[in-house]
1. When you check THR221 against the structure, is it more than 21 Å from ILE47 (Cα to Cα) and β-branched (Val, Ile, Thr), yes or no?
2. Which count do you get for residues in the stretch 178-213 that are surrounded by fewer than 20 Cβ atoms within 10 Å (Cβ to Cβ), outside any loop (DSSP other than H, G, I, E, B) and polar (S, T, N, Q)?
3. Under 7 Å between Cβ atoms, which residue pairs at least 6 apart in sequence (or on different chains) link something in the stretch 65-87 that is more than 18 Å from ALA115 (Cβ to Cβ) and aliphatic (A, V, I, L, M) with a partner that is open to solvent by 10 Å² or more (accessible area, probe 1.4 Å) and outside any helix (DSSP H, G or I)?
4. How about the stretch 11-57: which of its residues are under 20 Å from LEU88 (Cβ atoms), open to solvent by 70 Å² or more (accessible area, probe 1.4 Å) and either touching a Ser or Thr at 6+ places or on another chain (Cβ under 9 Å) or modelled with pLDDT under 95 (or both)?
5. Report every pair of residues separated by at least 6 positions or lying on different chains whose Cβ atoms are under 7 Å apart, first residue within the stretch 107-130 and of a type in the set (Ser, Thr, Tyr), second open to solvent by less than 10 Å² (accessible area, probe 1.4 Å) and part of a helix (DSSP H, G or I).
6. I'd like to check something: does the stretch 218-238 contain any residue that is in a strand (DSSP E or B), modelled with pLDDT under 85 and over 16 Å from GLU119 (Cα atoms)?
7. Return the pairs, sorted by first residue and then second, in which the second residue is part of a helix (DSSP H, G or I) and open to solvent by 20 Å² or more (accessible area, probe 1.4 Å), the first residue lies in the stretch 46-60 and is closer than 16 Å to PRO30 by Cα, the beta carbons are less than 7 Å apart, and the residues are 6+ apart or on different chains.
8. So, in the stretch 130-141, exactly how many residues are open to solvent by 10 Å² or more (accessible area, probe 1.4 Å) and more than 19 Å from ASP40 (Cα to Cα)?
Amino acid sequence: MSNEMLDQNFWDDHYKNNTTAWDLGTISPPLKDFFDAIEDKDIAILIPGCGNTYEATYLLDQGFTNITVIDIAPTLIKIIQNKFATNLHIEVILGDFFKHQGEYDLIVEQTFFCALPPEVRQQYVAKTHQLLKKNGLLAGLLFDRTFDGGPPFGGDEAFYKSLFEGAFEILTLETAKNSVLPRADKEVFIKFKKNSAVYATVIMVENQNLVLTDYVTTITTGLEIINISVNTLSNEVLIVSTEEVNLSNAFDLNGVQFKTVV
């Protein structure tokens, strides 16, 4: 599967044709247990790549009052908007998560990260960091296995730790204890707290014949670097630093064009 095919039409066709094999049909047990332990039901919650919104439905049934869901598939969003048309405690958005603006106490991860092309995982870290309030949480489930092709695209604990550390304090990263049977021992539950003392920035090189890693040292000169992660195409780098990366939208370094993505 070419990653270029993972666009709005790709996902919308799945909902039009009801080919959503990833859909559990209910909230996943680890997330249910996590939600049940939350005392403040007025926190601002975002569920990106929300799918059929079982998590949002459960949260609303439990009295949570400030939920936002976003997905890129128009067919799906129309169904969800109709479903919650009279509920004032949920906002339903058709849109691109990476262009979304807002501030949240909690971002819920459930089969969104694994659906993204692997080359945008660094953007995912920076965007969730950007959208969370001070000390906000990213929590949910990630696959602990590999797949042939994709989506879904897999990973493991060591990879997730190397990707998220620095931008987040890793509170929990462990095998989910009560996954549904088909996913038993194949999921990790995560609870990451935003490190509000750092910046998480993704820089992209626009010259397609160049490798960004050759220029990382120059880009980060003078910065206290907490973590660096390069994407699978070697054309984007996530820089976690104590000071903001000083790049304009069309920065030119020795004839090489760079821009800030997130």
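The values are calculated or read from the model by the stated rules, or taken from the named source; none is laboratory data. None of the values given here were measured: they were computed from a predicted structure. Using ideal geometry, Cβ is built from the backbone for each residue, glycine included, and neighbour counts are taken over all protein chains shown. Calculation scope for accessible area: heavy atoms of the full protein, side chains included, ligands and nucleic acids excluded. Shrake-Rupley method; radii C 1.70, N 1.55, O 1.52, S 1.80 Å.
1. Criteria met by THR221.
2. Here the count works out to 1.
3. That search, which allows pairs on different chains as well, returns ILE67/HIS89; ILE67/ILE90.
4. LYS41, ASP42
5. Partner pairs satisfying both residue conditions: TYR124/PHE113.
6. No.
7. So the pair list comes out as TYR58/LYS32.
8. Residues in the stretch 130-141 being open to solvent by 10 Å² or more (accessible area, probe 1.4 Å) and more than 19 Å from ASP40 (Cα to Cα): 1 in total.
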